[in-house]
Amino acid sequence: MKKKTCSWPGEDKLMIKYHDEEWGEPVHSDRLLFEYFVLDAFQAGLSWRTILNKRENFRKAFSNFDFNKVSKFTTRDFNRLMKDSGIIRNKLKIKATINNAKKFIEIRKEFKTFDCYIWQFTNGKTIQNKRKTLKQITVTSKESDEMSKDLKKRGFKFVGSVTLYAFMQAAGIVNDHIMSCFRYKELNK
């Protein structure tokens with residue numbers, strides 16, 4: 001018997017694996033939070049499928065999403081990334097990633113971890129939405145609006161509310177699996 005699931009992954013095996021094993025799972029590792037932060041920024045204006053299919057290339061290009069290493073990227077690294085056909089070669093997004101790694105470290109100095117900072121917007125708890133259909137899923141929330149405003153004030157780039165809501169979904173800060181999906185029940189404990 002096939003499990004009931006969200007329909008957005010379609011028949012794509014990589015998307016199904018991501019949905020079934022990662023999307024909405026609460027994340028507290030700063031390295032993984034930085035990974036989702038970077039990937040969601042690169043997704044702006046593109047499909048998640050495109051980003052997911054290039055994820056391994058992004059891992060190699062951005063030093064396994066080690067924010068300490070990325071924060072030290074030089075003009076030489078930037079030029080290397082601009083020539084890397086395995087990733088999205090968007091000048092502004094690459095510059096934003098290097099900038100955001102530096103800002104990520106500043107937040108860690110202030111809050112001890114990025115995890116402590118980012119989860120404060122939901123008082124450390126996953127928002128358990130009760131969506132019956134995909135059409136009911138919003139693209140922003142008051143929390144993503146507040147997060148966006150604060151991150152922009154701190155000098156982050158590519159941190160609009162829509163991008164941050166996608167980040168919140170990926171990192172399990174919000175559970176937007178539809179209620180009939182087997183993952184909704186697993187993550188709503």
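With (1) without any contact (Cβ under 8 Å) to a residue 40 or more places away in the chain; (2) under 14 Å from the mean Cα position of the chain (by Cα) as the list, and PHE167 as the residue in question, which single condition is left unmet?
(1)
Grab the helices (runs of 4 or more DSSP H) fully contained in the range 23-72, keeping just those with 3 or more residues being closer than 25 Å to PHE182 by Cα and within 13 Å of the chain's Cα centre (by Cα). Show your work before the answer.
Values: elements: 30-43, 48-53, 55-61, 67-70.
Helices (runs of 4 or more DSSP H) meeting the threshold: 30-43, 48-53.
Taking the residues in the range 82-114 that are among the aliphatic types (A, V, I, L, M) and open to solvent by 50 Å² or more (accessible area, probe 1.4 Å) as candidates, determine which candidate is nearest to ALA44 (Cα to Cα).
Keep residues of the range 82-114 that are among the aliphatic types (A, V, I, L, M), which gives 82, 87-88, 92, 94, 96, 98, 101, 105, 107.
If we keep only those that are open to solvent by 50 Å² or more (accessible area, probe 1.4 Å) too, we end up with 82, 92.
Working: MET82: 17, LEU92: 11 Å.
Among those that are among the aliphatic types (A, V, I, L, M) and open to solvent by 50 Å² or more (accessible area, probe 1.4 Å), it is LEU92.
Among the residues of the range 27-81, write down those that are open to solvent by 20 Å² or more (accessible area, probe 1.4 Å), of a type outside the set (D, E, K, R) and more than 17 Å from LEU92 (Cα to Cα).
Of everything in the range 27-81, those that are open to solvent by 20 Å² or more (accessible area, probe 1.4 Å), of a type outside the set (D, E, K, R) and more than 17 Å from LEU92 (Cα to Cα) turn out to be HIS28, SER29, LEU32, SER47, TRP48, THR50, ASN53, ASN57, SER63, ASN64, ASN68.
With respect to LYS95, is the statement that it is farther than 19 Å from TRP8 by Cβ and at pLDDT 95 or above true?
yes
Kindly indicate whether LYS132 is open to solvent by 70 Å² or more (accessible area, probe 1.4 Å), of a type in the set (D, E, K, R) and part of a loop (DSSP other than H, G, I, E, B). Explain how you work it out, then say what you get.
Working: open to solvent by 70 Å² or more (accessible area, probe 1.4 Å): yes; of a type in the set (D, E, K, R): yes; part of a loop (DSSP other than H, G, I, E, B): yes.
In short, yes.
Where residues in the range 135-189 are touching a strand residue (DSSP E or B) at 6+ places or on another chain (Cβ under 6 Å) and open to solvent by 10 Å² or more (accessible area, probe 1.4 Å), which of them is modelled with the highest pLDDT? Don't jump to the end; show me each part of the working.
Initially, the range 135-189 is screened for residues touching a strand residue (DSSP E or B) at 6+ places or on another chain (Cβ under 6 Å), giving 168, 174-175, 187-188.
Then keep just the ones that are open to solvent by 10 Å² or more (accessible area, probe 1.4 Å); that gives 187-188.
Numbers: LEU187: 96, ASN188: 91.
Among those residues, the one meeting the criterion is LEU187.
Just the residues that are hydroxyl-bearing (Ser, Thr, Tyr) and within 16 Å of the chain's Cα centre (by Cα), please, taken from the range 74-121.
THR97, TYR117
So, SER47, is that one of a type in the set (Ser, Thr, Tyr), free of Cβ contacts under 8 Å to residues at least 60 places away in the same chain and over 30 Å from TRP8 (Cβ atoms) or not? It would help to see each step written out before you state the result.
Details: of a type in the set (Ser, Thr, Tyr): yes; free of Cβ contacts under 8 Å to residues at least 60 places away in the same chain: yes; over 30 Å from TRP8 (Cβ atoms): no.
Here the answer is no, as SER47 does not meet what is asked.
Can you say whether ILE127 is β-branched (Val, Ile, Thr) and touching a strand residue (DSSP E or B) at 6+ places or on another chain (Cβ under 6 Å), as far as the supplied structure shows? It would help to see each step written out before you state the result.
Values: β-branched (Val, Ile, Thr): yes; touching a strand residue (DSSP E or B) at 6+ places or on another chain (Cβ under 6 Å): yes.
Yes.
The values are calculated or read from the model by the stated rules, or taken from the named source; none is laboratory data. Worth saying up front: this structure is predicted, and the values here are computed from it rather than measured. Ideal geometry is used to build each Cβ from the backbone, glycine not excepted, and the neighbour counts take in all protein chains shown. When the accessible area is computed, the model is the full protein with side chains, heavy atoms only, and any ligands, DNA or RNA have been set aside. Shrake-Rupley method; radii C 1.70, N 1.55, O 1.52, S 1.80 Å.
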